[in-house]
């Protein structure tokens, strides 16, 4: 199974998404709540999210669908996925498999990122819209990883505060 | 059961939330996607969301908890709810009972509204933070109604376009 | 878009699932709560579920993945899907896109069907386990349609009772 | 915060639910998949679930609502909660805050337990139906804890198997 975790990381890199890209968005989301936050903490949190079995499977499945749509090897659903049709909705549902296991802070952050598309999310979406690639699933998956890592940081920060009290 | 629907509308008004407040936020969310949208369409969509049984029950349960916390009549959980502790999370979960039945567009809009707190959502939150009232559940419920009505409008708009093609 | 609805029905038939198969499971679930229920009511409820855009997209996407795994045309994830690995979990998540929009009765029934695998669900699963076909996504999708139609019937029944009171 | 965890355990005991009651149901669910499973492993898994902040908050909020309904101190919604009206649905939604963070195995087991009501779940429901107490939220919360602990065991078992390979 560790194999799937490594494969999912490799696939992210191949599709143009680095751990740093993801960690930067986590930092932007949480720095105002956690003043002592460093980018390294965000990288650690992203690493922890990527350790989860569900996350590896979601990344591999989503990228599989994106690449298949790029290659026009899907049937009826190919155009819907390739053009990221706004009412398709399966991309957000797939990303929920990551978001759900990280609690309600992950959920609200996910929606926010999906609407505002900062950093690497916007870059992926732009390339997708221009027809250079299909990122219908990947952009939502990145939003899900960012929001889950942000939720982890919020919970850890609160735990540390509680210990000091 | 219709009784519960009327009661839930009355409670919203009593707690300072009008249908127009909600419809305005729906309009702001959807106008850029649906250029011919009128505020009246948004009011109709909000009315449709409020007709659902789950929505009435969620509104009544959430406001019940807010009011109980205001009156300090809850036990262990009173302070957590009254101060809207950021990791409480049950308020967002309760709002999901509304959001889930309206599909993935409702879900992403919900997260966005919960983070950005526009219009009446911000007003409710400010009054809550200042200690004038407890709106821990209500502000999330309003976000859920807005995002659900926005999802309805997006789906109806797409259906109309499909008919014209 | 209506096109996708027809396509999703055709695909269900091609993969060995008829509306009657689905309606029979709905009938078995709800007859004890609704004594006057007929199989025709269940067929109508299944038809209504299949009218939803999200449902059509989920059916088409899930069957696409099943068929691709059968043909060994997926990459890293092919064996995981083909063998319906118990911790994969993406099949249940995909089915949630159908279940969520039908409320909490749909959700509990979904879990029950997924564990007990009655009728056509068990037939699909057996054929999958024997290697004759891959139904990793389809069996969960059928559970989701059954439980959603059952939820519709429960709500309609309650509405009728309320009118008579 | 640790305080809330202890309080939530104390409340469970006060309302007639022991860790052993919960662990027994976990054992019944998982023994066929994990032949070497002991009841002690199930107790450990239940303890881990109860350590999560969301779980403590859900238990405290749900029991608060049950007790308030017992005391007739809620308003419009009192009868709906007291009689565990089948279309209420907020009790299942609240339990989802526990189930969601434990992945898709937790979700399907939750639905199964909620329909079949084994052991302590059935005892709670019977006492509720007889009017001796209100357990509308508690029975769903117990189902959620059981199914989440079962999911933990399934994942740990798979991890151990992977290490031996």
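Miscellaneous remarks
- Whole-number Å³ per residue for the convex hull built on Cα positions in the stretch D:2-164: 105
- Between helix D:39-50 and chain D: long-axis angle, C-alpha atoms, 0 to 90°, nearest 10: 60
- Paramagnetic reach from residue C:156 (point 7 Å along Cα→Cβ, amide N under 17 Å) across the stretch C:7-41: C:19-41
- Taking the helices alone, chain D has a mean residue ellipticity at 222 nm of -24000 deg cm²/dmol, built from -39,500 (n - 2.57) per DSSP H run of at least 4 residues and averaged over all its residues.
- Length-normalised contact order for chain D - Cα pairs under 8 Å, 6+ apart - percent: 32
- Intensity falloff of the stretch D:4-97 expressed as log10 I(q)/I(0), Debye formula with alpha-carbon point scatterers, at q = 0.19, 0.20, 0.22, 0.24 Å⁻¹: -0.98, -1.04, -1.13, -1.21
- Other copies of residue D:47: label-to-label distances in nm, shortest first, labels 7 Å along the beta-carbon direction: 2.9, 5.7, 5.8
- Chain B Cβ-axis minimum, rotational copy C, residue and distance in Å: B:100, 2
- Among A:148, B:8, sorting on how many other beta-carbon atoms sit within 10 Å of each Cβ, with the fewest leading, yields B:8, A:148.
- Against the main long axis of the alpha-carbon atoms of chain A, helix A:136-164 sits at an angle near 10°.
- Distances in nm from residue A:129 to the matching label points in the other copies, shortest first (labels 7 Å along Cα to Cβ): 3.2, 4.9, 5.6
- Per residue of C:61-68, other chain Cβ atoms within 10 Å of the residue Cβ number 5 on average.
- The distance from the alpha carbon centre of the stretch C:70-105 to that of the stretch D:74-138 is 27 Å, rounded to a whole number.
- R0 of 56 Å, Cβ-Cβ distance residue B:20-residue A:19: FRET efficiency to nearest 0.05: 0.75
- Reduced Cα scattering model of the protein assembly as shown, Debye log10 I(q)/I(0), q = 0.05 Å⁻¹: -0.20
- Estimated inter-spin distance, residue B:33 and residue C:73, nm [label 7 Å along Cα→Cβ]: 3.1
- Ordering C:110, A:27 from the fewest to the most neighbouring beta carbons within 10 Å gives A:27, C:110.
- Ordering A:87, A:163 from the fewest to the most neighbouring beta carbons within 10 Å gives A:163, A:87.
- For chain A, the longest principal axis of the C-alpha atoms and the axis of helix A:90-99 are separated by about 20°.
Bear in mind these aren't lab numbers, they're just calculated from the coordinates by the rules spelled out. No experiment lies behind these values; they were computed from the predicted model shown. For neighbour counting, all protein chains shown are included, and Cβ atoms are generated from backbone atoms with ideal geometry for every residue, glycine included.
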